[in-house]
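J.: My structure is below; once you've seen it, I'll send some questions.
Values in this text are rule-based calculations from the coordinates and carry no lab data. Keep in mind that what you see is a predicted model, and the values were worked out from it rather than measured. Here the Cβ is made from the backbone with ideal geometry for all residues, glycine too, and neighbour counts use every protein chain on show.
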Amino acid sequence: MEIKNPLAKMIVWIILLIWGVAVLYPLLWTLLDALKNNEQFFLNAPWALPKYPLLWSNFSYVWSKYNFSTYFLNSIIVTAGSTLLGMILAAMTAYILARYDFKGNKIIFTIYISSMMIPFALALIPLFFLLNDLQLINTWLGLILVYAALNLPFGIFLLVGFYKSLPKEIEEAAIIDGTSHYGTFFRVMLPLSQPGLITVMITNMLNNWNEYFLGVVLTNEPTKYTLPIGLAVMQAEMQYRVEWGPLFAGLLITTLPTLIVYIIFQRQIASGITAGAVK
C-alpha cells in the first residue's frame with residue numbers, strides 16, 4: 001500500500017529510522033567491544049569507543065584458542081544437513097497433503113500442526129534414549145535428524161498453503177504430456193514453489209544455527225559442539241578471568257552468518273510467507 005500523504009510518509013520514515021537504529025546499535029556495540037582489551041572495559045565506560053590500536057587479533061585468538069574453527073565447521077555441517085533434509089521432507093509431505101485427496105488427509109495434517117504446540121522438552125528424555133540406542137549421541141547425523149524433524153511441522157504448514165495456491169491446470173497439463181507423479185513434483189511443482197522453499201530453508205537454517213538446548217543434551221564431546229554451545233563453554237572457562245574482548249568477538253562470529261543470510265534473502269522470506277496466503 002502506497003502512502004501518498006507527505007506527513008504520513010515522513011512519520012513512517014522516522015519510525016523506520018528509529019527502528020533501524022534500535023536494531024543495528026547492539027550489533028555495532030558488539031563489534032566495538034570486540035576490539036577492546038580488558039583494561040578499556042574496566043577503566044572506561046562499557047559503551048566508550050575502543051582505543052587505538054584496534055584489537056582485531058581478538059577474532060583470531062578466539063578462533064584458535066577456544067576452538068571456534070571446530071565449532072564453526074560443526075555448525076555448518078549440522079545446519080546444512082538438517083536444513084536440506086527438513087526442506088525436502090517438508091516439500092514432499094506438503095505436496096501430497098495439498099494436492100491429493102485421500103482418507104486421513106486432514107487428520108495427518110492436523111497431527112503435524114498440533115505437534116507445533118507440544119513443548120519439545122517433554123520428548124527430550126525418550127529422544128535421548130532413542131538416539132543412545134541407535135548410537136547417534138555425539139554424532140552429526142543425530143543432530144541433523146533431530147533438527148530436521150523439529151522444523152518439519154512449520155515447513156509443512158507453510159508449504160501446504162503455498163501448494164494449494166498453485167493452479168491445478170499446470171499439474172494436469174504435465175500429466176497429460178505423460179509426466180509421472182514423481183516427474184510432476186520434481187520437474188514442475190518443485191521449481192514453482194521456490195519462494196516457499198526459500199522461506200522454509202532460511203527459517204530452518206536460522207533455527208538450526210542458533211539451537212542450543214538440544215545440542216547440549218545430545219552432545220558431550222567438545223569436538224562435536226556447535227557454535228552456541230562453544231560460546232557457552234567459552235564463557236564458562238572465563239569464569240574467573242573474563243576476557244571481554246574475545247567474548248564479544250566470539251558472540252559476533254556466532255551471530256554474523258545468520259545476519260548475512262537474512263539480509264541476502266529478506267525479500268524472498270517475505271514473499272514466501274505471503275505467497276501461500278493468497279489463492
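J.: Please state the relative contact order of the chain as a whole percent: Cα pairs under 8 Å, 6+ residues apart? Spell out each step's value before the answer.
T.: Working: 275 pairs, mean separation 90.6, N = 279.
Dividing the mean separation by the residue count of the chain yields 32 percent.
J.: Taking the Cβ-Cβ separation of residue 17 and residue 216 as r and a Förster radius of 45 Å, what is the calculated FRET efficiency to the nearest 0.05?
T.: 0.70
J.: Now, a different point. Report, please, the projected area of the range 13-148 averaged over directions, based on the convex hull of its C-alpha atoms, in nm².
T.: 15.1 nm²
J.: Given points 7 Å out from each Cα along the Cα-Cβ axis, report the residue 223 to residue 168 separation in nanometres with one decimal.
T.: With each label placed 7 Å out from Cα toward Cβ, I get 5.6 nm.
J.: For residue 9, go through the lysines and keep the ones whose alpha-carbon is under 24 Å away, minus same-chain ones fewer than eight residues off.
T.: none
J.: Just the number: Rg to Rh for the chain, Cα atoms, Kirkwood Rh, two decimals.
T.: We get a ratio of 1.06 for the chain.
J.: Rounding to the nearest 10 and keeping the result within 0 to 90°, find how far the Cα-based axis of helix 227-237 lies from the longest principal axis of the chain.
T.: Roughly 30 degrees between the two axes.
J.: Please identify the longest segment of the chain free of exposed chymotrypsin sites (Phe, Trp or Tyr not before Pro), where exposed means a DSSP state other than H, G, I, E or B and no more than 14 other Cβ atoms within 10 Å.
T.: Within the chain, the longest run free of exposed chymotrypsin sites (Phe, Trp or Tyr not before Pro) spans 103-211.
J.: Translational diffusion coefficient of the range 95-146 at 4 °C, 1.567 mPa s, Stokes-Einstein with Kirkwood Rh over Cα pairs, in µm²/s as a whole number.
T.: Answer, rounded: 97 µm²/s.
J.: Counting alpha carbon pairs within less than 8 Å and at least 6 residues apart, what relative contact order, in whole percent, applies to the range 1-154?
T.: Relative contact order, the range 1-154: 24 percent.
J.: Could you tell me the calculated FRET efficiency between residue 135 and residue 232, based on Cβ-Cβ distance and R0 = 35 angstrom, to the nearest 0.05?
T.: 0.85
J.: Over all alpha-carbon pairs of the range 31-85, lay out the pair-distance distribution in 5 Å bins, whole %, shortest bin first.
T.: 4, 18, 18, 14, 13, 12, 9, 7, 4, 1
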